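> Mind having a look at this structure? Questions to follow.
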């Protein structure tokens, strides 16, 4: 039973708070895969939901890319009008203006364009419904069109107003010289024009160890040079000093890579444009960490006395 | 007077904070019904509000099911157009194109479809208003239509953006073995695709007792194995260990069932998609608690090394 | 200079935090009017803003009553169409279909209804623009119409989504018997269907006193029997016990009424439907406080064992 | 490397928290320009983002002025219809009603107005599409129109609902007499009708100093007479008393002006209308600070006993 796992890990000396991350014991302790993907999503899978529960159309429409979103709208627009076109054809030969003179293909085509004119409420009037059933179908068509575009408007605004931080992480984390010792470092920058303020970073380190023949995942929260900045106008190099207290203190590169090491990053901030709290997550797996390197300097002194930062340089590093 | 009740309960030794749940003394102490329904609503009734105050159309339109919502829209659409159809007929025999040639039924029907075309702003033009009063009615019709669909758009978005956690609770709470002792356990899972983070649980226990011939409701906040997880990607089994400090420590099954026992659950979390705080409430009444059982294991090891959870197994338990 | 006032009040012994309410020294100390109106607005006035700054159309459209809001929309709709009607007439005798045959009044009327048909995008087509200038005006008309209704939709949703608690306050505050002493009491109830949770109350007492020939306003935060409830399904009687620590302890009714006494109430809560923090303010001035009375009991035992509350009884009290 | 800068500044005695403002070391220590502009934006520049990343159309449309916003909409409306007009012309001589009789310029003009009628869904019907390709283009035109206005609606509402405090700062900060000593003072007022509550102010002071031949920026958080007010109905004069603890205590006017002194102001508050947290930032550079002056009194006693404040007087000061 899963509870036993929790109990066991509770009895050893690992930090209690960190076991409460919510991954569950089996995922934490048996999986050799990464816990968090680079894009911040969780590397787990849920099954057992009904088709409709797992469909979750709204969530998909909200989080898909803009291109896919517009294509979905256009597809829905075409399909719905094709259905209504068929309904108009089924309403008989006197359904629409001039229907009687046309063959079945041309009728459907005319009905399709008529449906488009009704659905979008353009209604040129060159074609118009002639019998009662066609009038009823047209009334429904216009109703569906208006509700559909009301839905699209709601979705568009929901997509706009989603509080999402677009934080750029350096492609690699580095083990770099830091003062007299070493440090684990990575860089972040705000990809958006809107300001982020009160940015807070939590950095966790996790690896699988084998102790007394028992494979177990350990979690550590790492100390940071600073874990909070009030403003975030430029970039920020986040540093964990590898001092005596650090769980990385005595770990060599080979041991580091062999033990499924992973850095988990949790960032929360306030978006200044909308005064919303935003979250960002990412992780560096052992193969995304470079041993003994330092980041390039992204600052550029301008002629007018101000200082800029070149975000292209953010990912660059050199060996030491 | 109701204040006396509060005073009385204040004088006995029960935890002060818990009496401040807001149910009021009479409800707390005299009602033998459950306090909280399974869906999280309160089992109380308010009267004395005027019809319009209690109608609260907006709140109803916001919280009804999607099917009922769309049917309400469609009904409103039909009724409003029927009213405008009647208005057009009342505008006289020269109100609309070709009106004079038609009987009263056909006039109304034509007017209805014309109103639909105006309300939805389709406006084919095969029918159009011919006199001034019909033109005025048509101007109103289009105005009402546009404002109506603006309202519908607002409502649709309000429905979308309501921060609602859809938390699935196991059908039963269990008194199950936990380490060397017993525990009260239940399970929750996130039914949505969107992530919940920083999930916090408060578990209260309440029962009616008779002391010194006085019937009284007691509230206790129960200690939990953990009351907070940072992430919630899978399911979570919430455990109250029944140790010496637990108010359930010495209560047998019969006494438990006889004293109107009820577990109240309050969950708050942050929805990762919208960065909104969401709340969920539920309760287990004594007849929804199984004595001496344990939950089935929902974890499944995948071939690729990841671990999944089958939510269908969430409600399953076996006797011990 | 106003700073001196602050300094002076700082030097006397009044509670520091309470002087920071933000009313400013002159308002606090010289005004004999109430500080807070019953509806929670402040009894002060700002001048010196330019016409547009003080107009604040958006704020007005957001906070006016629904009836006034719909009337404003209808008025705007009529005025804009009248303006466009005039523009169409100015486009010459060949601007619209059949224009040439009509006199100036009928032209304007036809142009008005044509503008309505364009503004609302109905566009029957019985009338349509014939020359280039009329086509340009029609294009603008339709653009203004669509942007106007987009604005109306935005406003409607902004009105919907405003987090407003509709808290009903008892018409009077009472000085009533409370346990062995007296208390200042008033009642609140939630007028909405949506649940309020985590309701917190702050009660302040203020009066003008004359000390050493100097007139001064004093503020006190009053202790409450309880200042927070987790749920608020029914009503809540808020009680300040008038014990030795209370600033009301030795104040008789006459002194109370003579010294411009006022109770300021600040309530914050979380609206369960939208998970939004809502605020409510009100005040009881000395003439709205009844000396020696108690509230009627609003609880009603139902036959099915549940307990209801009759909100009509909320305002009722009887002398003691 | 930039890290060294941080290290160096860490070794001197300046307050640690204040160095974490997020400006980065190079900006902090080498730039002689102001850090924060009067409007609260940061005086730094980011480069290296791709064209689309730096375009950030949504953010621009959200934060531009209303006039520019409406002009952008109108421009987009014209351009899109011009494109569709060209598409209709390319659909051949039988694309639209009466097309064949017209020259190429008149065709394009007719097609433009027809596109407007389709895009806005007016659809008079005097012109309508005659062949299949024109019908398809018209279907796209109407689709783009509806999605476009859905986007405009979303944008309009997003502009409405942005939580923005419009806080008016006095044009100058003053070094003014305060009690027996001096103080640095400035004034703020709420320019909006909506109430701000729970207003909190943080005041930072920064200047460049040269120590041991090393140029360095120092940050100090300044103590305030009060840093928080519960309500903000009028104006508020914020005072930093220049006592022994103040970093301004022994600084003369010349030294003040020579060392790139700058006051950074951070304000957070809750907007009562929307219950949203709002932020405002501003700064006073040395040349915006007046030495030895005091603010004029903006309070006006009304005849009815209430007190008003004249915001025009807010910026006024007189020498002492």
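The values are calculated or read from the model by the stated rules, or taken from the named source; none is laboratory data. Predicted model only: the values in this text are computed from it and were never measured. Positions of Cβ are generated from backbone atoms using ideal geometry, with glycine treated the same way; all protein chains shown enter the neighbour counts.
> Quick check, is residue D:171 modelled with pLDDT under 95, assigned to a loop (DSSP other than H, G, I, E, B) and within 27 Å of residue D:282 (Cα to Cα)?
For residue D:171, the condition - modelled with pLDDT under 95, assigned to a loop (DSSP other than H, G, I, E, B) and within 27 Å of residue D:282 (Cα to Cα) - is met.
> Restricting to the stretch A:68-100, count the residues that are touching a helix residue (DSSP H, G or I) at 6+ places or on another chain (Cβ under 8 Å) and part of a loop (DSSP other than H, G, I, E, B).
6
> Still on this structure, I have one more. With the requirement that a residue be in a helix (DSSP H, G or I) and surrounded by 13 or more Cβ atoms within 10 Å (Cβ to Cβ), what does the stretch A:58-67 give you?
A:58, A:59, A:60, A:61, A:62, A:63
> Which ones in the stretch A:278-298 are within 13 Å of chain D (Cβ to nearest Cβ) and either surrounded by 19 or more Cβ atoms within 10 Å (Cβ to Cβ) or in contact with a strand residue (DSSP E or B) (Cβ under 6 Å, 6 or more places away or on another chain) (or both)?
A:293, A:294, A:295, A:298
> Okay, next question. Please count how many residues of the stretch A:135-166 are surrounded by fewer than 24 Cβ atoms within 10 Å (Cβ to Cβ), in contact with a strand residue (DSSP E or B) (Cβ under 7 Å, 6 or more places away or on another chain) and at pLDDT 90 or above.
Selection size over the stretch A:135-166: 1.
> Next question. Every residue in the stretch A:53-98 that is under 14 Å from residue A:114 (Cβ atoms) and within 12 Å of another protein chain (Cβ to nearest Cβ), please.
Result: A:80, A:81, A:82, A:85, A:96, A:97.
> Filtering the stretch C:231-241 down to residues that are modelled with pLDDT of 80 or more and over 19 Å from residue C:172 (Cβ atoms), which residue is surrounded by the most Cβ atoms within 10 Å (Cβ to Cβ)?
Step by step, filter the stretch C:231-241, then rank; the result is C:232.
> So residue B:205 ticks every box in (1) part of a strand (DSSP E or B); (2) closer than 20 Å to residue B:280 by Cα; (3) more than 24 Å from the chain's Cα centre (by Cα) but one. Which box is left unticked?
In the conditions (1) part of a strand (DSSP E or B); (2) closer than 20 Å to residue B:280 by Cα; (3) more than 24 Å from the chain's Cα centre (by Cα), residue B:205 misses (3) alone.
> Assuming residue D:124 fulfils every condition listed in (1) modelled with pLDDT under 90; (2) at the interface with chain C (Cβ under 8 Å from one of its Cβ atoms) apart from one, which condition is it?
Among (1) modelled with pLDDT under 90; (2) at the interface with chain C (Cβ under 8 Å from one of its Cβ atoms), residue D:124 violates only (1).
> Turning to a different aspect of this structure: For the stretch A:185-214, give me each residue that is out of contact with any strand residue (DSSP E or B) (no Cβ under 9 Å at 6 or more places or on another chain) and surrounded by 21 or more Cβ atoms within 10 Å (Cβ to Cβ).
none
> Please indicate, with yes or no, whether at least one residue in the stretch C:175-190 is in contact (Cβ under 8 Å) with a residue 12 or more places away in the chain and either within 14 Å of chain D (Cβ to nearest Cβ) or assigned to a helix (DSSP H, G or I) (or both).
no
> Working carefully through the options D:106, D:101, find the one that is more than 42 Å from the chain's Cα centre (by Cα), surrounded by fewer than 18 Cβ atoms within 10 Å (Cβ to Cβ) and within 11 Å of chain C (Cβ to nearest Cβ).
Exactly one residue qualifies, and that residue is D:106.
> In the stretch A:224-241, which residue that is farther than 19 Å from residue D:35 by Cβ and assigned to a loop (DSSP other than H, G, I, E, B) is farthest from the chain's Cα centre (by Cα)?
Residue satisfying both the conditions and the ranking: A:225.
> Are any residues in the stretch B:242-277 in contact with a strand residue (DSSP E or B) (Cβ under 6 Å, 6 or more places away or on another chain), buried (at least 18 other Cβ atoms within 10 Å of the Cβ) and either without any contact (Cβ under 8 Å) to a residue 24 or more places away in the chain or not in a loop (DSSP other than H, G, I, E, B) (or both), and if so, which ones?
B:242, B:262, B:263, B:264, B:265, B:266, B:267, B:268, B:269, B:270, B:271, B:275
Yes/no matrix, rows are residues, columns are (1) at pLDDT 65 or above; (2) in contact with a strand residue (DSSP E or B) (Cβ under 7 Å, 6 or more places away or on another chain); (3) farther than 30 Å from residue D:294 by Cβ:
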residue	(1), (2), (3)
C:13	no, no, no
C:17	no, no, no
C:43	yes, yes, no
C:59	yes, no, yes
C:66	yes, no, yes
C:84	yes, no, yes
C:111	yes, yes, yes
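> Quick one: residue D:228 ticks every box in (1) away from chain C (no Cβ under 12 Å); (2) free of Cβ contacts under 8 Å to residues at least 60 places away in the same chain; (3) touching a strand residue (DSSP E or B) at 6+ places or on another chain (Cβ under 9 Å) except a single one, so which number is it?
So residue D:228 meets the others, but not (1).
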